[in-house]
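Let me begin by presenting the structure, written as structure tokens, before commenting on it.
The values are calculated or read from the model by the stated rules, or taken from the named source; none is laboratory data. No experiment lies behind these values; they were computed from the predicted model shown. All Cβ positions, even for glycine, are placed from backbone atoms using ideal geometry, and neighbour counts span all protein chains on display. The area values use the complete protein model at the heavy-atom level, side chains included, leaving out ligands, DNA and RNA. Shrake-Rupley method; radii C 1.70, N 1.55, O 1.52, S 1.80 Å.
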Amino acid sequence: MKSVIQRVTRARVTVDGEVVGEITRGLVILLGVGGGDDASTAEKLANKICKLRIFADEESKTNRSITDVGGEILVVSQFTLYADCAKNRPSFSNAAPPQLAQELYEHFTDCLRQSDVKGVACGVFGASMQVELTNDGPFTIVLEM
């Protein structure tokens, strides 16, 4: 699994003009599922993200996790993270097939919901979405399991 994690002050995702997921302070996670991923991969990534200390403490040091600050998470499926751009037209053959990708995306979000995260919102798997966010910092991390 590949993820792009952005620390945000607010974010929302819309589909056909309708807001389907929205958060305040927290993380936006763009999540790509690869062909070799399984439930264990999703669990490890969710656990790692919940423990990442990327929020400031009282001394302005990045020493707090999403659960420490009572933050929320917005997860958006992003198969294009598996783009092979060796040629001018990207190939997505390394991404998981849609059915497996959706199962693991949902398992990943379930893992987050079972953690101590204040709230988890999602986009719509496979939909054309518009994502709006205010990146805090900016602070963006690419994490792969």
On Cα atoms only, tilt of 39-51 relative to the major axis of the chain in degrees: 30
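Just in the stretch 23-116: which chymotrypsin sites (Phe, Trp or Tyr not before Pro) are loop by DSSP and have at most 11 other Cβ atoms within 10 Å?
Working: sites: Phe55, Phe79, Tyr82, Phe92, Tyr105, Phe108; in loops: Phe92.
Loop-located and lightly packed - none at all.
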Virtual paramagnetic centre 7 Å along Cα→Cβ of Ala39, amide N under 20 Å, in the stretch 86-128: 96-116
Size descriptor, Kirkwood hydrodynamic radius, that averages inverse alpha-carbon separations across the stretch 32-86, Å: 13.4
Of all accessible heavy-atom area on the chain, the percent that carbon and sulfur account for (1.4 Å): 45
Stretch gain in nm, segment Asn135-Ala83, where the contour uses 0.36 nm per residue and the Cα spacing is subtracted: 16.4 nm
Ile73 long-range amide H proximity, modeled H, under 5 Å: Leu27, Gly119, Val120, Ala121
Spin-label zone in the stretch 7-26 - amide nitrogen under 18 Å from a point set 7 Å from the Cα of Ala56 along the C-beta vector: 7-10, 25-26
Rounded to whole Hz, the Karplus (6.51, -1.76, 1.60) HN-Hα couplings of the stretch 102-117, x for glycine and proline: 5, 4, 6, 4, 5, 5, 4, 5, 4, 4, 4, 5, 7, 8, 8, 5
Value of [θ]222 nm, deg cm²/dmol, for the chain, DSSP H segments ≥ 4, -39500 (n - 2.57) each, nearest 500: -6500 deg cm²/dmol
Amide proton proximity set for Arg10, modelled H, under 5 Å, gap of 5+: Thr134
Alpha carbon convex hull of the chain, volume per residue in cubic angstrom: 111
Gyration tensor (alpha-carbon) shape descriptor, the stretch 103-145, a/c threshold 1.5: oblate
Shape call, the stretch 3-69: gyration tensor on alpha carbons, a/c limit 1.5: oblate
Only Lys, Arg (+1) and Asp, Glu (-1) charged, at Cβ; the stretch 8-145 dipole about Cα centre in debye: 280
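The chain: longest stretch without exposed GluC sites (Glu not before Pro) (DSSP loop, at most 15 other Cβ within 10 Å), sites themselves excluded?
That would be 60-145.
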